[in-house]
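Novice: A single structure is presented below for examination.
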Amino acid sequence: MVLAGRSNLKVMASNSATQLPSSTSPALKFEVVAAQGRARTARMTLPHFTAETPMFMPVGTQGSVKGMTCDQMLDLDCHVILGNTYHLESRPGSELVSQMGGLHEFIGWPRGMLTDSGGFQMVSLLHLAEITEEGVTFQSPVDGSRMLLTPEESIQIQNRLGADIIMALDDVVPATMQDPARFEEATHRTTRQDPECHPCNAYLCFMNIIGGLDPALREISLRDLVARNTPGYAIGGLAGGESKDDFWRMVAISAAGLPPGKPRYVMGIGYPLDIVVCSALGADMYDSVYPTRTARFGVALVPEGVLKLKNAEFANDFRPIDDTCSCSTCKDYTRAYLHNVIARNIPSAAILVTHHNIAYTQALTRRMRQAIKDQVFPDWVRNYLRKMFPKGDVPVWVREAMVVADIDLEGVATMDVPRTHKEDRGANEDAVFKE
């Protein structure tokens, strides 16, 4: 795949307070408060909370982040959590949630909530689904019943759930599918599923920029959906097994083509390195089950990458997971203890590592926000990469993305690595670990 010239991807953001972009809609106000290169940090005022970006949103598929209470999420300063429309409608049902006062009251969460459209199930549950112009017909994994999810019904369900941000239904196609005609069909169908085309309340709704790995289709999607002037936009159709090289290039093209005064949400992104790269390219919001799901397999996120705490090397390691982390797991427990409870499949192990991993993602984005405000973001990125790749073996895709982000890696990316480096291949983060 050929990427448009780098000069077309480089953008310089003004740091003048009078020129920083913003936008206001009936239920969302977005204000960029600082920018450096492509990276920016912003305030996003929602009905229930004023969030800051870049931010990572933990996923509570059925209204609950596994292994975490809402009070714990507040203690870790999570700004927004995500719920899944398909699963919440399957049970307990949006009507019941609405009767209970919406998701915020139902789960006891006072801050922001985002619900997805159910479109991801087009990929993850494709064997149970039939996709047509009318919508998606699902076979419920709960009771086997058939459920038609139309664009209108997706919005109506999300309105009943009462989220701060809702997503328009899109026609999701796996990024690795080798069918150009299918990608073209999905791109135009997603535009036709614009909430403005349907009699429903859409003032909270984000539209989804798709187009697979085809820059021309991405440009079409950008042109058609930006013209709709919705409160925010998602960059979708990625994190589905495509190469990291394709991944970052599609994020760069999409972010560069979106309005500077509106939020940009890269869906399904939870690897910390991906969050850093996407933020350098101008994205604002991320979500994935990766930090919580990987915790249930005893894998902890650390500045150097990950610790697989089940491994025998940690049996006599009396250090915390991360001595720079202030979470309760790192303050109270050693790697040796966690290895013991993980190896024995004691349920508390997953809770403890989940708590740490959520703390790590929130600290990561908080530090990025501060670095942008302090105008030291390139230095922060270089230090982050030095810690993760102390030998200088920064993957090729990261090096090339940083060129577009105008972040010099001299003295950081010092080792020659082939493009086939193991980190250059992507994966679907929401399906890396199967239970």
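Novice: With respect to Leu273, is the statement that it is under 23 Å from Pro395 (Cβ atoms) and open to solvent by 10 Å² or more (accessible area, probe 1.4 Å) true?
Specialist: So Leu273 fits the description; yes.
Novice: I would also like to ask the following. Inspect all residues belonging to the range 112-134 and state whether any of them is open to solvent by 10 Å² or more (accessible area, probe 1.4 Å), of a type outside the set (Lys, Arg) and modelled with pLDDT of 95 or more.
Specialist: So far as the range 112-134 goes, no, none of its residues is open to solvent by 10 Å² or more (accessible area, probe 1.4 Å), of a type outside the set (Lys, Arg) and modelled with pLDDT of 95 or more.
Novice: Right, here's the next one. Where in the range 9-116 are there strands (runs of 3 or more DSSP E), lying wholly inside it, with at least 2 residues that are under 27 Å from Thr329 (Cβ atoms)?
Specialist: Values: elements: 22-25, 28-36, 39-45, 50-53, 55-58, 80-83, 112-115.
Because the criterion is at least 2 residues that are under 27 Å from Thr329 (Cβ atoms), the strands (runs of 3 or more DSSP E) in the range 9-116 that meet it are 50-53, 55-58, 80-83, 112-115.
Novice: Here's a check for you: in the range 157-194, which residue that is polar (S, T, N, Q) and touching a residue at least 60 places away in the same chain (Cβ under 8 Å) is farthest from Leu213 (Cα to Cα)?
Specialist: Taking the range 157-194 first, the residues polar (S, T, N, Q) are 158-159, 176, 178, 187, 190-191, 193.
Now narrow it down to the ones that are touching a residue at least 60 places away in the same chain (Cβ under 8 Å): 158, 176.
Numbers: Gln158: 29, Thr176: 8 Å.
Among residues in the range 157-194 that are polar (S, T, N, Q) and touching a residue at least 60 places away in the same chain (Cβ under 8 Å), the one farthest from Leu213 (Cα to Cα) is Gln158.
Novice: Within the range 70-84, can one find any residue that is at pLDDT below 95 and open to solvent by 40 Å² or more (accessible area, probe 1.4 Å)?
Specialist: No, because not a single residue in the range 70-84 is at pLDDT below 95 and open to solvent by 40 Å² or more (accessible area, probe 1.4 Å).
Novice: Sticking with this one: In the range 404-435, what residues are modelled with pLDDT of 95 or more and surrounded by 14 or more Cβ atoms within 10 Å (Cβ to Cβ)?
Specialist: Val404, Ala405, Asp406, Ile407, Leu409, Val412, Ala413
Novice: Next up: In the range 388-399, which residue that is open to solvent by 30 Å² or more (accessible area, probe 1.4 Å) and assigned to a helix (DSSP H, G or I) is farthest from Ile253 (Cα to Cα)?
Specialist: The extreme case among them is Met388.
Novice: Can you list residue pairs whose Cβ atoms sit under 6 Å apart, with the first residue in the range 302-331 being of a type in the set (Lys, Arg) and the second being open to solvent by less than 80 Å² (accessible area, probe 1.4 Å) and in a loop (DSSP other than H, G, I, E, B)? Count only pairs 6 or more apart in sequence or on different chains.
Specialist: Lys310/Gly298
Novice: Could you check, for the range 376-392, whether at least one of its residues is modelled with pLDDT of 95 or more and in contact with a Phe, Trp or Tyr (Cβ under 6 Å, 6 or more places away or on another chain)?
Specialist: Looking for residues that are modelled with pLDDT of 95 or more and in contact with a Phe, Trp or Tyr (Cβ under 6 Å, 6 or more places away or on another chain), one finds none in the range 376-392, hence no.
Novice: State which residue pairs qualify: first residue aromatic (Phe, Trp, Tyr) and inside the range 377-400, second residue at pLDDT below 95 in any location, beta carbons under 6 Å apart, and separation of 6 or more residues or different chains.
Specialist: Filtered contacts from the range 377-400: Trp397/Asp424.
Novice: So, one more: Within the range 35-66, which residues are in contact with a helix residue (DSSP H, G or I) (Cβ under 8 Å, 6 or more places away or on another chain) and without any contact (Cβ under 8 Å) to a residue 60 or more places away in the chain?
Specialist: Answer for the range 35-66, where residues must be in contact with a helix residue (DSSP H, G or I) (Cβ under 8 Å, 6 or more places away or on another chain) and without any contact (Cβ under 8 Å) to a residue 60 or more places away in the chain: Gly60, Gln62, Gly63, Ser64.
Novice: Inspect the range 92-101 for any residue being buried (at least 24 other Cβ atoms within 10 Å of the Cβ) and in contact with a Leu (Cβ under 9 Å, 6 or more places away or on another chain) and give the result as yes or no.
Specialist: Looking only at the range 92-101, we keep the residues that are buried (at least 24 other Cβ atoms within 10 Å of the Cβ), and these are none.
Scanning the range 92-101, I find no residue that is buried (at least 24 other Cβ atoms within 10 Å of the Cβ) and in contact with a Leu (Cβ under 9 Å, 6 or more places away or on another chain), so the answer is no.
The values are calculated or read from the model by the stated rules, or taken from the named source; none is laboratory data. Note that this is a predicted model, so its numbers are computed, not measured. Don't worry about glycine lacking a Cβ; one is built from the backbone with ideal geometry, like all the others, and counts go over all protein chains shown. Quick note on the areas: whole protein, heavy atoms, side chains included, nothing else; ligands and nucleic acids left out. Shrake-Rupley method; radii C 1.70, N 1.55, O 1.52, S 1.80 Å.
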